[in-house]
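Peer 1: What follows is a single structure, and I will ask about it in a moment.
The values are calculated or read from the model by the stated rules, or taken from the named source; none is laboratory data. No experiment lies behind these values; they were computed from the predicted model shown. In this analysis, Cβ positions are derived from the backbone assuming ideal geometry, glycine residues included, and neighbour counts consider all displayed protein chains.
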């Protein structure tokens, strides 16, 4: 405590040293460097305003718990909705999401009698819909919290075997390191790499086949060109039209001129040079 004296150097005089606030809570002496106590009773903050006594009534505030359970229901519904969506499209007939959905439903539907008079979510106002999602009745949940708060807590986390504990364990087994989902993702990734390698090999083989065909066609083109040149040379030497198709048409079906037989084409037909058909051997 300080007092002020006008006209005196400094003007302030300490008349009493500062002390911690002192109180007795449920027979236990407690102190605080401020005029508030927050450690005497878990979750309760008390303001000290003067000397005296008072009675403190403590009641459960269900609002935060209702909010947390409501968030749990929303998250659960998101998981089930995604499973329902993908099961009808890209993950149709995939046993993994079906198995996860079945295990989640089993956790919620199994009665937990060892936790007292609260053994199911239905007693908390939580119902399971046909599409595996949940519906929360907040009024029923508040009543359960007021009437049996410890039972609600036990239902979710009792002996590390409550509903929340089982769902956490399932999530770790499915999505955690070494779980079903990472294992499946790795397997699919390996399949993709294998398909990519097969595609690269197929492209390489197709390229080799293309080169081989191009070479064969080039050789065939050269052969045809050589045959054409040979035919042109023979046509020039024999004095016949250079157009092979025109020559065949001129010679007719039997290789002779119109109205003539092959034998009348002396001396070629007579010598047998034109062959039985009257054409040039190996050319026509």
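Peer 1: Is it the case that residue 164 is assigned by TED's automatic domain parsing to the domain that holds residue 121, assigned to a helix (DSSP H, G or I), in contact (Cβ under 8 Å) with a residue 60 or more places away in the chain and surrounded by 10 or more Cβ atoms within 10 Å (Cβ to Cβ)?
Peer 2: Taking the combined requirement at face value, the residue satisfies it.
Peer 1: From 73, 25, 79, 100, which residue is closer than 28 Å to residue 138 by Cβ and touching a strand residue (DSSP E or B) at 6+ places or on another chain (Cβ under 9 Å)?
Peer 2: Only one candidate passes the filter, namely 73.
Peer 1: Assuming residue 78 fulfils every condition listed in (1) surrounded by 10 or more Cβ atoms within 10 Å (Cβ to Cβ); (2) at pLDDT 85 or above; (3) outside the structural domain of residue 149 (by TED's automatic domain parsing) apart from one, which condition is it?
Peer 2: Here residue 78 clears every test but (3).
Peer 1: Could you identify the single residue in 209, 228, 184, 196 that is outside the structural domain of residue 119 (by TED's automatic domain parsing), assigned to a helix (DSSP H, G or I) and more than 43 Å from the chain's Cα centre (by Cα)?
Peer 2: Just one listed residue meets the conditions, 228.
Peer 1: If you go through the range 114-127 one residue at a time, do you hit one that is part of a strand (DSSP E or B) and either in contact with a helix residue (DSSP H, G or I) (Cβ under 7 Å, 6 or more places away or on another chain) or under 18 Å from residue 71 (Cβ atoms) (or both)?
Peer 2: There is at least one residue in the range 114-127 that is part of a strand (DSSP E or B) and either in contact with a helix residue (DSSP H, G or I) (Cβ under 7 Å, 6 or more places away or on another chain) or under 18 Å from residue 71 (Cβ atoms) (or both).
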